[in-house]
Amino acid sequence: MERLDPTCQTKVRKALERYREEVEGASLASDTKRTYMRHAETFVRWLEGDFEPGSGGTQ
């Protein structure tokens with residue numbers, strides 16, 4: 001997959017941090033929060049070319 005350009009990558013990472021803040025502030029169980037973040041982080045890794053679905057490369 002083509003990597004994101006640096007400007008776009010920075011914007012995606014900032015958006016992920018805003019999402020993390022919202023997830024942490026939500027009335028959700030801790031396990032649910034971890035699941036939400038794990039999936040979001042994996043998607044960002046995929047965007048950055050650092051994850052291939054089915055590769056077993058989870059964090």
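The values are calculated or read from the model by the stated rules, or taken from the named source; none is laboratory data. In this text the structure is predicted, and so the values were computed from the model without any measurement. Virtual Cβ from ideal backbone geometry, glycine too; neighbours counted across all protein chains shown.
Can you work out which of the residues in the range 1-22 that are in a helix (DSSP H, G or I) and more than 15 Å from the chain's Cα centre (by Cα) is modelled with the lowest pLDDT? Applying the filter and picking the extreme gives P6. Contact map, the range 7-22: first residue of a type in the set (D, E, K, R), second residue part of a helix (DSSP H, G or I) and surrounded by 12 or more Cβ atoms within 10 Å (Cβ to Cβ), Cβ cut-off under 8 Å, separation 6 or more or different chains; pairs are R13/V44; R20/M37; R20/A40. If we scan the range 23-46, do we find a residue that is out of contact with any strand residue (DSSP E or B) (no Cβ under 6 Å at 6 or more places or on another chain), touching a residue at least 24 places away in the same chain (Cβ under 8 Å) and part of a loop (DSSP other than H, G, I, E, B)? Scanning the range 23-46, I find no residue that is out of contact with any strand residue (DSSP E or B) (no Cβ under 6 Å at 6 or more places or on another chain), touching a residue at least 24 places away in the same chain (Cβ under 8 Å) and part of a loop (DSSP other than H, G, I, E, B), so the answer is no.
Scanning the range 33-54 for residues that are loosely packed, with under 12 Cβ neighbours inside 10 Å and at pLDDT 95 or above yields one hit, H39.
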